[in-house]
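Notes follow the structure.
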Amino acid sequence: MGLLVDPIEMPLTIYQGATFRKSFAWKSGPTAATATPVDLTGCAARAHVREKIDSATALLEMTTENGRIALGGAAGTVALEVSDETTAALPRLKRAARWDLEIVWPDGEVTRLFQGPVTIGPEVTR
């Protein structure tokens, strides 16, 4: 069974044509000093970037299945990685897109861990 948490507002910047990497360590506890890693063994993760929340098509999909998200099991780590070829294909946007990241627990329960705006930095060198 997963943890019930309020999603953390996490802005992202993805630069076109550059490899995107971002990693987090998820810890839980009554204080930061006593927090311990959340065990993500057996979990899956998924994240979408959409131009608008209600956009039918995702600009970018990251999942444990497509290899763009890696979970660190008992260490509680979440690592995002998107190739430079994939980021080069992202469109230039006039305003920030939106993203969220969900953890899917072995029992099927879903926890939204992060959400927020995504800025896509246009590539000049191509």
Task: Antiparallel content of DSSP bridges confined to the chain, in %, to 5 - done: 85
Open item on the list: Please compute the length gained on full extension between T125 and E81, using 0.36 nm multiplied by the number of residues separating them and subtracting their Cα-Cα distance.
Closed with: 13.7 nm
- [ ] Go through [x] 22, 16, 15; [y] 27, 15, 14; [z] 41, 19, 15 and flag the label whose value is the computed semi-axes √(5λ) of the Cα gyration tensor in Å for this structure.
- [x] [y]
Open item on the list: Give the aspartates and glutamates reachable from K94 as a straight Cα distance under 19 Å; neighbours fewer than 8 places away on the same chain don't count.
Closed with: E51, D54, E123
Task: Size of charge dipole - the stretch 13-126 - debye, nearest 20, with Cβ of Lys, Arg +1 and Asp, Glu -1, no other charges - done: 520
Open item on the list: At 1.4 Å probe size, with the rest of the protein present, what percent of the exposed accessible area of the chain is carbon and sulfur atoms?
Closed with: 52
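The values are calculated or read from the model by the stated rules, or taken from the named source; none is laboratory data. Since the model is a prediction, treat every value here as computed from it, not as a measurement. Note that each Cβ is placed from the backbone with ideal geometry, even for glycine, and that neighbours are counted across all protein chains shown. SASA here: full protein model, heavy atoms, side chains in, ligands and nucleic acids out. Shrake-Rupley method; radii C 1.70, N 1.55, O 1.52, S 1.80 Å.
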